[in-house]
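K.L.:
A single structure is presented below for examination.
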Amino acid sequence: MNAIGFRHTASSGYIKLTVAAIIGLSPVALNAQKSTKPAAPAPAAHAAAPAAHTAAPAAGRGTSTPAAGRGTSTPAAGRGTTAPAAGRGTSTSGAGRGTGTASGAGRGTSATGAGRGTTGAGAGRGTSAGAGRGGAPGGHPGGRPGETTSHSAHGDVTRGPHGDVRDVHAHGMDIHHGPGGSRTIERERADHSRVVADRYGHGYIQRPYMYHGAAFVHRTYYVGGVAYGRVYRPYMWGGISMNVYAPGFFYAPAFYGWAYNPWAAPITFGWGWAGNPWYGYYGGYFTPYPVYASPSLWLTDYLVSQTLQAAYTAQAAQLAAAQANFTPMGPDVKQQIADEVHRQIALENSEAGAGAQTAPDPGSSGIARMLSDNTAHVFVVSAALNVQSNAGDCAVTEGDVLRLFPGTPAASPTANLMVLATKGQDCQKGATVTVGVADLQEMQNHMRETLDLGLADLHKKQGQNGIPAAPAQAAAPPQQTAFAAIAPPPDPNVATELSTTAKEGEQADQEALQASPGGPSAGANPEPVAPPPAAVAKKPLTVGQTPDEVIAILGQPVNIVDMGTKKIYVFKDLKVTFTAGKASAFQ
């Protein structure tokens, strides 16, 4: 994650850029959306929202019940890791090899090629689709210095300067290779839905929809046998298509004020990570605060821990036997993350003030605003990326922390950032790296989605386990946003379609590599030898199941909280409570 100096005011000077929605908006409509907005004001301490938002909520903003099977799920507290957090996957057909009709569809120009990471083994934790991936049209140079693209009847293969495979385009699929053998397969279908899978059959299906004339996309994620949804708004930046996270629920203004401002006195909090493999592996890199003076510090540790836990879970088999020798993340870096957490809370408070019926403006909510407000924003890397640095090509991986250099030119496809924290084997601390803007958008999506899960946890746990009680007006339940309530329902065939895409992508990838000059060698990105597993039908989760039955569906838990007759098993995206040995609640 990224953050800069710890302070209690939101950054100023945010400028809304021209919004270019992918779906159904005319040039007249696009031009009509240009405006300038001030920074999101800091929420008032434990009270109402800022003066600009003190009016009564818009009609219909009551606590509506989500339509059955539709939209995003309630932000259940303590849902474990966010891997793959919604929005950490690819965005709709950008200036890469996508086949969609958005600007830049086709197989990409060489201008937008920084970043270009792919998912790891974790589901959908990839970067934006096609942000300049691939070779220049009709030529052999690749998208970044030193890259070359070869063409054959089986597809196009782009390699790095050392022969490592970066991208493959074959059989209507884009296959993006990343650090450590990670791979993402993307396919756009005739109905403009998009399937994004890693080689193990995890990922998401994305479908477009409209709300009051505004374009949205809904993603059905599939992880550990559980499907869940997230909502985004399309946005164009310099010809690059991105998706900007849109919250599925808003809280009362007083809750955002409580979450933004310091507590009356510092608290201690037990996370229960002792003995967990992920914490043992990353313990040399990340250490939680001994005490918490404010919710933003608590949310900082929540964000970093969820990111690292997701990364470990995705690569557990490889990392279990690995020896870690990490450079610790310093307290100054965590303080900068906390400052960015402040900004994101203020942003959501501002969005909530417009009412649950109002579609958020992706130009003000996403990376466009962050690149134009002259603020050194901080990002936590949510998926492994190959990037360019001032010392040559290198990788950033999950949990690394980057800080933006202000002054990115308008519509630039890339931005320059400093590496604030790294785990040692990645780009060096202090290095300047160039990252694709679409990749930064996915990092911000990840931060906002994870913070929303953390806010849900705080909302549920306030007044318990040492966390101070929130004021009465902050305790109101979250209200579902209208645009999330009408989103398409989760795709019922998500598991099968992701598995099929993974297998077909593997085959297309190997055929193209075999036919390309240099053969199938992956160079610096060695390929894991395990094939993608076949889709396996799993029993649904039901009350009354035993721990063994639940583990057979979800896999091993990342933590178990023993409360005597009650035990809580914490899985990647779900918490299951067992009472007297039987499942009694799912969160």
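The values are calculated or read from the model by the stated rules, or taken from the named source; none is laboratory data. Remember, it's a predicted structure, so these values are computed and weren't measured experimentally. Neighbour counts are summed over all protein chains in view; Cβ atoms, including those assigned to glycine, are modelled from backbone coordinates with ideal geometry.
K.L.:
With the structure loaded, tell me whether A469 is over 25 Å from N416 (Cβ atoms) and either surrounded by fewer than 23 Cβ atoms within 10 Å (Cβ to Cβ) or without any contact (Cβ under 8 Å) to a residue 24 or more places away in the chain (or both) or whether it fails that test. Give the derivation first.
P.N.:
Details: over 25 Å from N416 (Cβ atoms): yes; either surrounded by fewer than 23 Cβ atoms within 10 Å (Cβ to Cβ) or without any contact (Cβ under 8 Å) to a residue 24 or more places away in the chain (or both): yes.
When the stated conditions are applied, A469 passes them.
K.L.:
Starting from the range 350-373, keep only residues that are within 16 Å of Y211 (Cα to Cα), then list their pairs with residues that are basic (K, R) and surrounded by fewer than 24 Cβ atoms within 10 Å (Cβ to Cβ) whose Cβ atoms are within a distance under 9 Å, requiring at least 6 positions of separation or different chains.
P.N.:
Sorted first by the residue in the range 350-373, then by its partner, the pairs are G355/R61; A356/R61; Q357/R61; D361/K16; D361/K37.
K.L.:
Being at pLDDT 95 or above, surrounded by fewer than 23 Cβ atoms within 10 Å (Cβ to Cβ), in contact with a helix residue (DSSP H, G or I) (Cβ under 9 Å, 6 or more places away or on another chain) and over 24 Å from Q441 (Cβ atoms) is true for just one of W298, W263. Which residue is that? Working first, answer last.
P.N.:
On the way: W298 fails: surrounded by fewer than 23 Cβ atoms within 10 Å (Cβ to Cβ).
Going through W298, W263 in turn, just one is at pLDDT 95 or above, surrounded by fewer than 23 Cβ atoms within 10 Å (Cβ to Cβ), in contact with a helix residue (DSSP H, G or I) (Cβ under 9 Å, 6 or more places away or on another chain) and over 24 Å from Q441 (Cβ atoms): W263.
K.L.:
So which residues in the range 376-398 are under 20 Å from R183 (Cβ atoms) and in a loop (DSSP other than H, G, I, E, B)?
P.N.:
Taking the range 376-398 and keeping what is under 20 Å from R183 (Cβ atoms), we get 381-387, 393-398.
Listed by number, the residues that qualify are V381, S382, A383, A384, T397, E398.
K.L.:
Of all residues in the range 309-328 being among the aliphatic types (A, V, I, L, M) and buried (at least 24 other Cβ atoms within 10 Å of the Cβ), which is modelled with the lowest pLDDT?
P.N.:
We begin by selecting, within the range 309-328, every residue among the aliphatic types (A, V, I, L, M); these are 310-311, 314, 316-317, 319-322, 324.
Still in the running and buried (at least 24 other Cβ atoms within 10 Å of the Cβ): 310-311, 314.
Numbers: A310: 85, A311: 86, A314: 74.
Per the criteria, the residue is A314.
K.L.:
Let me ask something else. Filter the range 187-234 for residues that are at pLDDT below 90 and among the acidic types (D, E); which is farthest from the chain's Cα centre (by Cα)?
P.N.:
Out of the qualifying residues, it is D191.
K.L.:
Another one. Give me the pairs: first residue in the range 179-192 and free of Cβ contacts under 8 Å to residues at least 12 places away in the same chain, second residue buried (at least 22 other Cβ atoms within 10 Å of the Cβ) and not in a loop (DSSP other than H, G, I, E, B), beta-carbon distance under 7 Å, and six or more apart or on different chains, which are they?
P.N.:
R189/V195
K.L.:
Filter the range 162-187 for residues that are basic (K, R) and either assigned to a loop (DSSP other than H, G, I, E, B) or touching a helix residue (DSSP H, G or I) at 6+ places or on another chain (Cβ under 7 Å) (or both) and give the result. Give the derivation first.
P.N.:
Here is the first cut: in the range 162-187, the ones basic (K, R) are 166, 183, 187.
R187, the sole residue that qualifies.
K.L.:
A further question on this structure: Looking at (1) surrounded by fewer than 19 Cβ atoms within 10 Å (Cβ to Cβ); (2) more than 24 Å from P43 (Cα to Cα); (3) of a type in the set (F, W, Y), which one does Y235 not meet, given that it meets all the others?
P.N.:
(1)
K.L.:
In the range 252-298, how many are within 17 Å of Y312 (Cα to Cα) and of a type in the set (A, V, I, L, M, F, W, C)?
P.N.:
Count: 4.
K.L.:
Scan (1) under 21 Å from the mean Cα position of the chain (by Cα); (2) at pLDDT 95 or above for the single condition Y282 breaks and write down its number.
P.N.:
(2)
K.L.:
On to the next question. So which residues in the range 157-184 are small (G, A, S) and either within 19 Å of G436 (Cβ to Cβ) or at pLDDT below 90 (or both), if there are any at all? Write out each step before concluding.
P.N.:
The initial filter retains those residues of the range 157-184 that are small (G, A, S), namely 160, 163, 170, 172, 178, 180-182.
The answer is G160, G163, G178, G180, G181, S182.
Here is a yes/no grid of residues against (1) within 28 Å of V561 (Cα to Cα); (2) of a type outside the set (S, T, Y):
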site: V195; (1), (2): no, yes
site: H202; (1), (2): yes, yes
site: F216; (1), (2): no, yes
site: R233; (1), (2): no, yes
site: P247; (1), (2): no, yes
site: N261; (1), (2): no, yes
site: A264; (1), (2): no, yes
site: G275; (1), (2): yes, yes
site: Y282; (1), (2): yes, no
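K.L.:
Does H154 satisfy the condition of being crowded, with 24+ Cβ neighbours inside 10 Å and modelled with pLDDT of 85 or more? Give the steps one after another, and end with the answer.
P.N.:
Working: crowded, with 24+ Cβ neighbours inside 10 Å: no; modelled with pLDDT of 85 or more: yes.
For H154, the condition - crowded, with 24+ Cβ neighbours inside 10 Å and modelled with pLDDT of 85 or more - is not met.
K.L.:
So, one more: From the list A356, A368, A293, exactly one residue is in contact with a strand residue (DSSP E or B) (Cβ under 9 Å, 6 or more places away or on another chain), surrounded by 24 or more Cβ atoms within 10 Å (Cβ to Cβ) and over 17 Å from M447 (Cα atoms). Which is it? Steps first, answer last, please.
P.N.:
Details: A368 fails: over 17 Å from M447 (Cα atoms); A293 fails: surrounded by 24 or more Cβ atoms within 10 Å (Cβ to Cβ).
Every option except A356 fails the conditions.
K.L.:
Here is a further query. Just to check your reading of the model, which residue among F483, F405 is at pLDDT 95 or above, among the aromatic types (F, W, Y) and over 30 Å from F216 (Cβ atoms)?
P.N.:
Working: F483 fails: over 30 Å from F216 (Cβ atoms).
The match here is F405.
K.L.:
If you check P540, P533, P488, P477, which single one turns out to be within 25 Å of F586 (Cβ to Cβ), surrounded by fewer than 16 Cβ atoms within 10 Å (Cβ to Cβ) and modelled with pLDDT of 90 or more? Quick ask: steps written out before the conclusion?
P.N.:
On the way: P540 fails: modelled with pLDDT of 90 or more; P533 fails: modelled with pLDDT of 90 or more; P488 fails: surrounded by fewer than 16 Cβ atoms within 10 Å (Cβ to Cβ).
Matching residue, one of P540, P533, P488, P477: P477.
K.L.:
Let me ask something additional. Please specify each residue of the range 458-484 satisfying the condition of being farther than 18 Å from I345 by Cβ and not hydrophobic (A, V, I, L, M, F, W, C).
P.N.:
Matches in the range 458-484: G463, Q464, N465, G466, P477, Q480.
K.L.:
Same structure, new question: Looking at the range 207-228, I want the residues that are at negative phi and have a partner that is assigned to a loop (DSSP other than H, G, I, E, B) and among the charged types (D, E, K, R) with Cβ atoms under 7 Å, at least 6 apart or on another chain. Which pairs are those?
P.N.:
T220/D491; V223/K572; V223/D573; V226/D573; Y228/D573
K.L.:
Quick one: in the range 404-425, which of the residues that are without any contact (Cβ under 8 Å) to a residue 40 or more places away in the chain and part of a loop (DSSP other than H, G, I, E, B) is farthest from Y235 (Cα to Cα)?
P.N.:
Residue satisfying both the conditions and the ranking: Q425.
K.L.:
Can you find a residue in the range 507-516 that is touching a residue at least 60 places away in the same chain (Cβ under 8 Å) and not in a helix (DSSP H, G or I)?
P.N.:
Initial filter on the range 507-516 (touching a residue at least 60 places away in the same chain (Cβ under 8 Å)): 508-509, 511-516.
Retained after the next criterion (residues that are not in a helix (DSSP H, G or I)): 516.
Checking the range 507-516: at least one residue is touching a residue at least 60 places away in the same chain (Cβ under 8 Å) and not in a helix (DSSP H, G or I).
K.L.:
Which members of the range 445-503 meet the condition of being part of a loop (DSSP other than H, G, I, E, B) and aliphatic (A, V, I, L, M)? Can you show your working first?
P.N.:
Step one: list which residues in the range 445-503 are part of a loop (DSSP other than H, G, I, E, B), which gives 462-471, 475-478, 481, 486-493.
Across the range 445-503, the qualifying residues are I467, A469, A470, A475, A476, I486, A487.
K.L.:
Follow-up question, since we're still on this one. I need the full set of residues from the range 420-434 which are within 18 Å of G180 (Cβ to Cβ) and modelled with pLDDT of 90 or more, in order please. Steps first, please.
P.N.:
To start, the set of residues in the range 420-434 that are within 18 Å of G180 (Cβ to Cβ) comprises 422-428, 433.
Those that are within 18 Å of G180 (Cβ to Cβ) and modelled with pLDDT of 90 or more: T422, C427, Q428, V433.
K.L.:
What number of residues in the range 196-214 are under 22 Å from A485 (Cα atoms) and surrounded by fewer than 24 Cβ atoms within 10 Å (Cβ to Cβ)?
P.N.:
Number satisfying all stated conditions: 8.
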